[in-house]
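Peer 1: Structure in structure tokens, see below.
Read-outs: derived from the displayed coordinates by stated rules, not from any lab. Being a predicted model, the structure only gives us computed values, none of them experimental. Cβ placement follows ideal geometry from the backbone for every residue including glycine, while neighbour counts extend to all protein chains displayed.
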Amino acid sequence: MRELSPAERCRRNNWHVGSRLKAKNCYQKSWDEYWKITAIGEYEVLGKRINLPPKTTSGEELMRFDNSEFTWRVCKCQIFQ
């Protein structure tokens, strides 16, 4: 069984541009990252972080779904709407 590319994983989970995802670190339970998908290409997915401290900016970067330290879920938090 081959590994899914980030773009295939998004399509399979019905994540699309604008979806907000929560990346939970499996080893450090109290540390989470919140991301918003900005573009889905043929193989890669771009996103930017949305839970940054004040006066901190975030540019688009490749979202690393292949990192085994993180589990990715849809974020239903109203705070990031």
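Peer 1: Neighbouring Cβ atoms within 10 Å as the yardstick, rank Cys10, Cys26 fewest first.
Peer 2: If I rank by nearby Cβ atoms, fewest first, I get Cys26, Cys10.
Peer 1: With label points built 7 Å along Cα→Cβ from the Cα atoms of Lys24 and Glu60, find their separation and express it in nm.
Peer 2: If labels sit at Lys24 and Glu60, their model points lie 2.9 nm apart.
Peer 1: Taking the Cβ of each residue in Ile37, Ile50 as the centre, tally the other Cβ atoms inside 10 Å and list the residues starting with the fewest.
Peer 2: Taking fewest neighbouring Cβ atoms as first place, the list is Ile50, Ile37.
Peer 1: Convex hull volume of the Cα atoms in the chain, per residue, in Å³?
Peer 2: 103
Peer 1: So, one more: Rounding to the nearest 20 debye, state how big the charge dipole of the chain is about its Cα centre with +1 on each Lys and Arg Cβ and -1 on each Asp and Glu Cβ.
Peer 2: Value, rounded to 20: 400 debye.
Peer 1: Kindly provide the helix-only [θ] at 222 nm of the chain, computed as the sum of -39,500 (n - 2.57) over DSSP H runs of four or more divided by all residues, to the nearest 500 deg cm²/dmol?
Peer 2: Estimated from H runs of four or more residues: -2000 deg cm²/dmol.
Peer 1: How many nm separate the modelled label positions at Trp31 and Arg73, each set 7 Å beyond the Cα in the direction of the Cβ?
Peer 2: 1.9
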